[in-house]
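Following: one structure in structure tokens, then a few remarks.
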Amino acid sequence: MEIKEILAKKILTEAKGYLDVCFTHSLNPYSGCAFSCRYCYVREMPIQRIKEIPWGEWLNIKTNAAENYQKEIIKFRKKNNPVNLFMSSATDPYQPIERKANITRGILEAMIEAPPDFLQIQTRGPLITRDIDLLIKLKEKCDVLVSMTIETDREDIKQTFAPLAPGMKLRIKALKEVHDAGISTQASISPVLPFTPDFPKELDGIVDHIWIDTLSIGDGAMDKCSERLGMPQLFQQHELSQWYQRDLHVKVEKYFKNYFPSEMIRVSKKDAFPR
Ligand code: SF4
């Protein structure tokens, strides 16, 4: 892994595409991502396409992220604009390096001093439980939603599609800890991967919202990006093609509505991000 410390010009990026429905900005404490999920759409974005090093094998640590946040939020506040943040859209704020680098933790500390209106943390990293102390303080000042990506409840499937990402049991346990601390939580089934019939039961009592997205509707290019990443072939290779269908989100939504009230469930492209 090639790791560099960099000084980023700025840390808040204006939200575009699917994000701009409910967010004003995305915030990425790192560029690159050690979790290296095989379906990751960032692999197809310019930041990776112009690189010679494969996705998952490089990482930039934005050492001035908290400092930049402080400066940039002051500007937005002066203009009286709302600030609804999505952290993160093109990296994971709780990937392994965060344990030492503390970039995300530094940003949360800065947010306690100068909060946004809304912060959604999107992660696969159980390390988020380290920062529960800060999240408790922050939720007194703004809306906070911790959204853990839980694409499946099957460890074997996780190993096939995202072998370097944390295990599913660890993620579910971490989300429970966050929920037990009184912080709003979401399970982001994104992208939907093959799961067991008991999946909804495993989320029962630990989530306030469920977000459903699939490789077909959520790759930012209506399937094209997932196709370029070889996802249909990967599903086929493992005899899972029945899980790679354009209407998969409809079936999954229906299945989860047998267990959870409709208002808890949101589906990508159909509904806005829940607040
Ligand atoms: S955790 Fe997110 S950013 Fe990182 S590789 Fe997986 S999908 Fe991509």
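The values are calculated or read from the model by the stated rules, or taken from the named source; none is laboratory data. This one's a predicted model, so the numbers in the text were calculated from it and none came from an experiment. As a convention, Cβ positions derive from the backbone with ideal geometry for all residues, glycine included, and neighbour counts pool all protein chains shown. For the accessible areas, the whole protein counts, side chains as well, though only heavy atoms, and no ligand, DNA or RNA atoms are used. Shrake-Rupley method; radii C 1.70, N 1.55, O 1.52, S 1.80 Å.
What full-extension length gain, to one decimal in nm, is calculated for Val21 and Tyr259 as 0.36 nm per residue of separation minus the Cα-Cα distance? Please report the intermediate quantities before stating the final value.
Working: separation 238, 0.36 × 238 = 85.68 nm, distance 2.72 nm.
Separation in residues times 0.36 nm, less the Cα-Cα distance, equals 83.0 nm.
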Under a point spin-label approximation (7 Å from Cα along Cα-to-Cβ), what is the Asp143-Leu170 distance to one decimal in nm? 3.2
For the chain, what are Rg and Dmax over the alpha carbons, in angstrom? 17.9, 55
Sort by residue number and name the cysteines in the chain that have no neighbouring cysteine Cβ under 4.7 Å. Cys22, Cys33, Cys142, Cys225
If the limit is 26 Å between Cα atoms, which of Lys176/Lys257; Lys10/Lys173; Lys75/Lys176; Lys62/Lys224; Lys16/Lys137 go over it? Lys10/Lys173; Lys75/Lys176; Lys62/Lys224; Lys16/Lys137
Can you give me the % of accessible surface on the chain that is carbon or sulfur? Probe 1.4 Å, all protein chains present, nothing else counted. 51
Could you report the chain's accessible area per residue, 1.4 Å probe, as an integer in Å²? 46
Contour minus Cα-Cα span, Lys9 to Asp208, at 0.36 nm per residue, comes to 68.1 nm
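Starting from the Cα-Cα distance between Ile50 and Lys75, subtract it from 0.36 nm times their residue separation and give me the gain in nm to one decimal.
Numbers: separation 25, 0.36 × 25 = 9.00 nm, distance 3.19 nm.
Taking Ile50 through Lys75 to full extension adds about 5.8 nm, to one decimal.
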Pair Asp133, Ser241: separation of 7 Å Cα→Cβ label points (nm): 5.4
Compute the separation of the alpha-carbon centres of segment 6-31 and segment 32-77 and state it in Å as a whole number. 10
Compute the helix-to-body angle for 65-78: its Cα long axis versus the longest principal axis of the chain, expressed 0 to 90° and rounded to tens. 80
To the nearest 10 degrees, the tilt of helix 168-180 (Cα long axis) against the first principal axis of the alpha carbons of the chain is 50
Between 0 and 90°, nearest 10: helix 248-257 axis offset from the chain longest Cα axis: 80
Going by average Cβ neighbours within 10 Å, how do the peptides 72-78, 192-198 rank, with the highest at the top? 192-198, 72-78
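Quickly estimate the mean residue ellipticity at 222 nm for the chain, helices only: each DSSP H run with n ≥ 4 gives -39500 (n - 2.57), and the total goes over all residues, rounded to 500. Walk me through the numbers before you get to the answer.
Numbers: 11 runs with 87 residues, N = 275.
After summing the helix terms and dividing by residue count, I get -8500 deg cm²/dmol.
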